[in-house]
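The values are calculated or read from the model by the stated rules, or taken from the named source; none is laboratory data. Predicted model, so just to flag it, every value in this text is computed and none were measured. We place every Cβ from the backbone using ideal geometry, glycine too, and count neighbours over all the protein chains shown. Protein only, heavy atoms only, side chains kept; ligands, DNA and RNA dropped before computing areas. Shrake-Rupley method; radii C 1.70, N 1.55, O 1.52, S 1.80 Å.
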Amino acid sequence: MASTAMTLTALALTGTAASAATTLDLSTPWPDGNFHTTTVTDFAEAVSAATEGRVNITIHSGGSMGFKGPELLAALRDGLVPMADVPTFQQIGEEPLMGINTVPFLLSSFDDLATMQKIAMPKYDEIAERNGVKFLYFVPWPTQYMHLKDPIESLDALKGQRIRAAEKGAADLANSLGASGVVMPWGEVVPALASGRLEGVLTSASSAVDGRFWEFMKISYRTAHTLSVEAIAISLDAWNGIDAADQEAILKLAAEKQAEYWEVAAADDAKSTATLEENGMQVVDVPAEMMTEMRSRAAEFIKEFETRVPESEPLIKEFLAETGRS
């Protein structure tokens, strides 16, 4: 009888532990092999280990849950998905301030980005609260490029070329250079290149590898025109369903992983540019004279952003002061 009672007690405890486990779906628009998908998969595995299996995250890559990048903040807010890898730069329709990192040539390095993230974080927390989400950590994209079918001798050669941008800031930059900027989610880019609807793309080398751009393009110019950022986010409904001790473990892990993944982002640029070159593309710096003209044409965008998004003005002024550009 004692043995039977012990067995029943063990089964009851096992059932309780199993029922306490939380499984969360995480939607990301990026394909398998992209470093953002690789890092978020690593985070999911680390969360499971840190919580001893009480919190498990299932990664759904390549938009397989049916959500495109610009839809992910709303999907979290509306309870359609519990976790997401949110491209912050694509949420400007919902939250215009999240475009601050994509103002052309405002940020030019990871150090700049770290400074802006520190300054803007209180505002990001406000954005998270009003959308019913919690931002766990942020990871930047590597250096940005202008990928083209053919080399150009001057900016005049861009006139009329349809160049894809992930967000408004990059599209505005393309337009200022004489091209036609087209805001387009990642999932539509490769078909548009294949059909001839695009002549160029503004994006990272990482994405260029994902899209096998060497099948369509010959050259990548290292423009470093913006620093785009992903936010790994969880809905507050899902977050509040996690035990306090496990929440603490996840937040500690997120802080550690954010630092690690920034290093991964920097390393991925070198890896990806090497892959582009191995497949026949040129990867070059923008000639000095051309870069000077690009920056000159883009100078108006900082003021334009401050006017369009008034709450950004004190953040930008503080950023420029801290970086010695005021």
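Please name whichever of 219, 183, 267 sits farthest to the positive end of the charge dipole of the range 165-280, dipole taken about the Cα centre and charges placed at Cβ: Lys and Arg +1, Asp and Glu -1. Of the options given, the answer is 219. As a calculated quantity, the FRET efficiency between residue 271 and residue 218 at R0 = 22 Å, using C-beta atoms, amounts to about 0.60.
What does the charge count near residue 277 come to, summing +1 for each Lys or Arg and -1 for each Asp or Glu among other residues with Cβ under 12 Å from its Cβ?
Details: positive: 218, 271; negative: 278.
Charge balance in the 12 Å sphere: +1.
Students often check this: by mean Cβ neighbours within 10 Å, which of 267-276, 36-45 ranks highest, and how do the rest follow?
In descending order of packing, they fall as 36-45, 267-276.
Please give the Cα centre distance for the range 208-255 versus the range 94-142, rounded to the nearest Å. About 12 Å separates the Cα centre of the range 208-255 from the one of the range 94-142.
When the square roots of the Cα gyration tensor eigenvalues are ordered a ≥ b ≥ c, the ratio a/c for the range 35-85 is 1.5 or more and a/b does not exceed b/c, which makes its shape oblate.
Would you please put 246-259, 139-152 in order of how densely packed they are, using the mean number of other Cβ atoms within 10 angstrom per residue and starting with the highest? All intermediate terms of the calculation are to be shown ahead of the outcome.
Values: 246-259: 15.7, 139-152: 21.6.
Highest to lowest by the protection proxy: 139-152, 246-259.
Dividing the helix sum by the residues of the chain, where each DSSP H run of 4 or more adds -39500 (n - 2.57), gives a mean residue ellipticity at 222 nm of -15000 deg cm²/dmol. Each residue of the range 309-314 is assigned a 3J(HN,Hα), and the resulting list reads 10, x, 5, 7, 4, x Hz, derived from the Karplus form 6.51 cos²θ - 1.76 cosθ + 1.60 (θ = phi - 60°), x at Gly and Pro. Once the Cα atoms are used to define both axes, helix 2-20 deviates from the longest principal axis of the chain by about 20 degrees.
The angle between the Cα long axis of helix 110-130 and the longest principal axis of the Cα atoms of the chain comes to about 50 degrees, rounded to the nearest 10.
Return the label of the correct value of Rg/Rh (Cα atoms, Kirkwood Rh), as calculated from the structure shown, out of (i) 1.04; (ii) 1.02; (iii) 0.97. Given (i) 1.04; (ii) 1.02; (iii) 0.97, the calculated one carries the label (i). Coupling constants for the range 297-306 follow from the phi torsions by the Karplus curve (6.51 cos²θ - 1.76 cosθ + 1.60, θ = phi - 60°), and in residue order they are 5, 8, 4, 5, 6, 5, 5, 4, 5, 4 Hz; glycine and proline get x. Electrostatic tally near residue 299: other residues with Cβ closer than 15 Å to its Cβ, Lys and Arg +1, Asp and Glu -1, net -1.
For the chain, with all protein chains in place and a probe radius of 1.4 Å, 53% of the accessible heavy-atom surface sits on carbon or sulfur. For the chain, the longest principal axis of the Cα atoms and the long axis of helix 35-50 meet at an angle of about 20 degrees.
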